[in-house]
Amino acid sequence: MDFDALKYYSCWLQEFFIDQGMHLGLAAALGTFINLLVVILVVTVLDIIVRKVIVQAFKAFSVKTATTFDDYLVKSNFPRYIAHFVPLAIVWEIAPILFIEYPIITKIIFVGANIYLVILCILVFRSLLRTTRNYLQGKPDYYDKPLESYIQVLMIFAWGVGVFFIINLLTGYSITSLATLGAASAIVLLIFKDTILGFVASIQVSVNDIVRIGDWITFSKYGADGYVTEINLATVRVQNFDNTYTTIPTYSLIADSFQNWRGMQESKGRRIKRAIFIKQSSIKFLTPEELEDLKKIQLIAPYIDHRQKDVNHYNKQVEADKSLLINGKNQTNLGVFRKYADAMLHENPAINKDLFLMVRHLAPTDKGIPIEIFCFSYDKNWENYEHIQADIFDHLLAAVPYFGLEIFELPTGKDIVNISTK
């Protein structure tokens, strides 16, 4: 750049106004002001042109390359920020010439340019971090990792360094002394307490593989029940099944207890665990005639025959007096029903027979005897799982009367009216 020619043209207006009889100070101020407007206009136009050229060049380059990293650079405005360095360099060079008569203004412009340079460097750094995050999220190994947490920590560090540099530029105050750093550390610890806790938590969450993006979690304390959509430094975002969003502090994932359904999603089945409450007064021994009727139920006919042979053989050995059913061994309607439920589950193609399968009755309660179904469905999709579970219990509830059993149910208002009218 020809600085002598630039200096000549920058002083031309001032000399022109002096030749026209204008006061020297006014001529210098007016000439400088007009020069400033011209430079602002030129720098603005140049910034637009350079930005368009660099952005288009980046786009053309990214189309020809196989990697997607440069595509993400364009999307994160990296070329746009780089383009701003050219006008900044021009201002840096011509400011001393434009304001040769005003050294204080030149100093102010240099300070402003330095501050802008610091901010621009931070924006470029942020663009690179976002590009790296977006690029890695497209990789299977990093898709479910809390990259946002690390990005935010690095950005906090970058802005902290930037603020220190800006303070140093504005005040000239040294920040290298131990006392200053100690005070700054105390302030940082106080202000960013939650951020530091979140950062530590996000590292533990990642290293211990506690939660991934896409996991279905249930966190009753915060009313969260849905899929994790985002993990960042301060919060974990969960999209609930009613399409609402719940935010959870990241450090709560290691401080409190919650339920992660990933194990179920990665397993070979989803657990069905539900009970039917049988009215205790409906349980009884089965007579030979009742057993013959129950043999008409195809699923349990072989079981009744086999079981009755064992019962008869035992009763014959102990010479049980069968004038009363209680003597010796006997089959009960509850036992036969339990076997029927077990056989029905084994015949159901939606139930995974390789996983644990059991029908049991639990300890009696004031609501009857619970007959619990414990098995696993092949289909883990929530909607399909509920259909499978409903089909099983629809059938069992309808089958209960065939065994002379009754489902326990608390009396309703109509039942009480019927009792009172009798």
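The values are calculated or read from the model by the stated rules, or taken from the named source; none is laboratory data. None of the values given here were measured: they were computed from a predicted structure. So basically every Cβ, Gly included, is an ideal-geometry build from the backbone, and we count neighbours across all protein chains shown. SASA here: full protein model, heavy atoms, side chains in, ligands and nucleic acids out. Shrake-Rupley method; radii C 1.70, N 1.55, O 1.52, S 1.80 Å.
Observations on the structure shown:
- Taking amide H as placed 1.01 Å from N in the peptide plane, Phe277 has its amide H under 5 Å from the amide H of Ile371, Phe408, each at least 5 places away in sequence or on another chain.
- Ellipsoid semi-axes in whole angstrom, largest first, where each is sqrt(5λ) of the Cα gyration tensor of the stretch 269-415: 30, 20, 13
- Derived scalar couplings ³J(HN,Hα) [the stretch 285-298; Karplus, 6.51 cos²θ - 1.76 cosθ + 1.60; whole Hz; x for Gly, Pro]: 6, 9, 7, x, 5, 5, 5, 5, 5, 6, 5, 5, 7, 4
- Positive-end residue of Ile371, Leu355, Tyr303, charge dipole of the stretch 296-422 with Cβ unit charges: Tyr303
- Stokes-Einstein D for the stretch 208-317, Kirkwood Rh over Cα pairs, 20 °C, 1.002 mPa s (µm²/s): 114 µm²/s
- Amide H contacts under 5 Å for Ala224, placed H, 5+ residues apart: Phe219
- Ranked order, Val228, Val43 - accessible area, probe 1.4 Å, largest first: Val43, Val228
- Remark: the stretch 218-225, residue by residue, has Karplus-estimated 3J(HN,Hα) of 10, 10, 4, 4, 10, x, 9, 8 Hz, where x stands for each Gly or Pro and the curve is 6.51 cos²θ - 1.76 cosθ + 1.60 at θ = phi - 60°.
- In nm, spacing of pseudo-spin labels at Val45 and Lys329 (7 Å Cα→C-beta vector): 10.6 nm
- Simple label model, 7 Å out from Cα along Cβ direction - Asp321 to Lys279, nm: 3.2 nm
- Dipole of the stretch 257-338, positive end: most advanced residue of Thr287, Asn327, Ile276 [Cβ charges, Cα centre]: Ile276
- Computed 3J(HN,Hα) for the stretch 73-83, one whole-Hz value per residue from the Karplus formula 6.51 cos²θ - 1.76 cosθ + 1.60 where θ = phi - 60°, is 4, 5, 5, 8, 6, 4, x, 4, 5, 4, 4, glycine and proline marked x.
- Distant-in-sequence amide H partners of His361 (H built 1.01 Å from N, under 5 Å): Glu372
- Taken about its Cα centre, the stretch 302-367 carries a charge dipole of about 60 debye when Lys and Arg each add +1 at the Cβ and Asp and Glu each add -1 at the Cβ.
- By a 1.4 Å probe calculation restricted to protein chains, Thr247 has an accessible surface near 90 Å², given to the nearest 10.
- Nearest-10 value in Å² for the accessible area of Glu93, using the 1.4 Å probe: 90 Å²
- The charge dipole of the stretch 286-422, taken about its Cα centre with unit charges on the Cβ atoms of Lys, Arg (+1), Asp and Glu (-1) only, comes to about 400 debye.
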